[in-house]
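In what follows, a single structure is set out as C-alpha cells and then discussed.
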C-alpha cells in the first residue's frame with residue numbers, strides 16, 4: 001500500500017507540473033496558442049510577451065504553485081506515515097524535479113512546454129524558502145538592470161547553490177547543495193538558445209507586444 005501511494009505521488013507530481021497554464025489560458029481567453037508566438041515557449045515569460053502583464057502574472061503564479069504543490073506532496077506522505085522523516089528531503093527533491101520535467105514536457109499538449117523556471121522556483125520555495133526568496137530578489141535586480149529575463153533566471157539559479165554554501169543558508173543535508181547545482185545545469189540546458197542570443201547581442205529584452213514567431 002505504501003509503495004502504491006509513493007508511485008501515485010510520483011505520477012501526481014508530474015501531472016501537476018504538466019498543467020499547461022499558458023496554453024490553456026491563451027486558448028480559453030485569447031483564442032491563440034502562445035507557442036505560436038514570440039519565443040514559442042509555453043512559459044510565463046512568453047505569456048507576458050504575447051498576452052500581456054495580467055495573463056503573464058497569472059501564469060507565473062500558477063506555475064510557481066505547481067512546483068510548490070508537487071514538492072509538498074512529500075509532506076503529505078510524511079504526515080500519512082508513508083515515508084520516514086530522514087527521507088523527506090529526498091522525496092521533496094524527486095517530486096519537485098518531476099514537476100519541472102512535467103512543465104518542460106507536458107503530457108497534455110504534446111510534450112512541448114516551457115523552460116520550467118517558475119515551476120522550479122515553486123519547488124525551491126517549498127524546500128528552502130529563505131534562500132529562494134533571496135534568489136527572487138537577485139532575479140528582479142538583474143531583470144531591472146538588464147531587462148533580460150533569461151539572464152536573470154540563470155544568475156538566480158546559480159545563486160541558489162552558492163547561497164547554500166554559506167553558513168547562513170547551509171542546509172542540514174548536503175544533498176540539497178548537489179541538487180542546487182543540478183538545478184542550475186537544467187536551467188542552463190533549457191536556456192542554450194538564449195545564451196547564444198545573449199552572446200550575439202540578439203536576445204530580446206522584456207516587452208508585452210504581440211509578436212508572431
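Quick one: is residue 124 touching a strand residue (DSSP E or B) at 6+ places or on another chain (Cβ under 8 Å), surrounded by 24 or more Cβ atoms within 10 Å (Cβ to Cβ) and assigned to a helix (DSSP H, G or I)?
Numbers: touching a strand residue (DSSP E or B) at 6+ places or on another chain (Cβ under 8 Å): no; surrounded by 24 or more Cβ atoms within 10 Å (Cβ to Cβ): yes; assigned to a helix (DSSP H, G or I): yes.
Taking the combined requirement at face value, the residue does not satisfy it.
Within segment 44-58, can one find any residue that is assigned to a helix (DSSP H, G or I), surrounded by fewer than 22 Cβ atoms within 10 Å (Cβ to Cβ) and in contact with a helix residue (DSSP H, G or I) (Cβ under 6 Å, 6 or more places away or on another chain)?
Our first condition is that a residue be assigned to a helix (DSSP H, G or I); within segment 44-58, this holds for 44-51, 53-58.
From what is left, the residues that are surrounded by fewer than 22 Cβ atoms within 10 Å (Cβ to Cβ) are 53-55, 57-58.
Next, from what is left, pick out any that are in contact with a helix residue (DSSP H, G or I) (Cβ under 6 Å, 6 or more places away or on another chain): 55.
Looking through segment 44-58, at least one residue is assigned to a helix (DSSP H, G or I), surrounded by fewer than 22 Cβ atoms within 10 Å (Cβ to Cβ) and in contact with a helix residue (DSSP H, G or I) (Cβ under 6 Å, 6 or more places away or on another chain).
Considering each residue of segment 77-127, count those that are in contact (Cβ under 8 Å) with a residue 60 or more places away in the chain and either over 19 Å from residue 19 (Cβ atoms) or over 12 Å from the mean Cα position of the chain (by Cα) (or both), and give that number.
16
Scanning for something closer than 21 Å to residue 14 by Cβ and in a helix (DSSP H, G or I), does segment 127-137 turn up at least one residue? Reasoning before the result, please.
Pass one, segment 127-137, residues closer than 21 Å to residue 14 by Cβ: 127.
With the extra rule that they be in a helix (DSSP H, G or I), the set shrinks to 127.
The answer is yes, given that some residue of segment 127-137 is closer than 21 Å to residue 14 by Cβ and in a helix (DSSP H, G or I).
Could you run through segment 61-84 and say how many residues are closer than 22 Å to residue 110 by Cβ and buried (at least 21 other Cβ atoms within 10 Å of the Cβ)?
Filtering segment 61-84 for residues closer than 22 Å to residue 110 by Cβ gives 62-63, 66-67, 70.
Applying the additional criterion that residues be buried (at least 21 other Cβ atoms within 10 Å of the Cβ) yields 63, 66-67, 70.
The total comes to 4.
Give the number of residues within segment 144-189 that are in a helix (DSSP H, G or I) and more than 17 Å from the chain's Cα centre (by Cα). So that I can check it myself, show each step before the final result.
Within segment 144-189, the first condition is being in a helix (DSSP H, G or I), and the residues that meet it are 144-146, 149-164, 175-189.
After this cut, where a residue has to be more than 17 Å from the chain's Cα centre (by Cα) as well, the list is 144-146, 162-164, 175, 177-178.
Looking only at that region, the number is 9.
From the list 125, 137, 98, 133, pick out the single residue that is modelled with pLDDT of 95 or more and closer than 18 Å to residue 185 by Cα.
Working: 125 fails: closer than 18 Å to residue 185 by Cα; 137 fails: closer than 18 Å to residue 185 by Cα; 133 fails: closer than 18 Å to residue 185 by Cα.
From the options 125, 137, 98, 133, the qualifying one is 98.
Filter segment 1-25 down to the residues that are closer than 14 Å to residue 106 by Cβ and touching a helix residue (DSSP H, G or I) at 6+ places or on another chain (Cβ under 8 Å) and list them by number.
Of everything in segment 1-25, those that are closer than 14 Å to residue 106 by Cβ and touching a helix residue (DSSP H, G or I) at 6+ places or on another chain (Cβ under 8 Å) turn out to be 13, 14, 15, 16, 17, 18, 19, 20, 21, 22, 23, 25.
The values are calculated or read from the model by the stated rules, or taken from the named source; none is laboratory data. This is a predicted model, so every value here is computed, not measured. Reconstructed Cβ throughout: ideal geometry from the backbone, glycine too, with neighbour counts over all protein chains shown.
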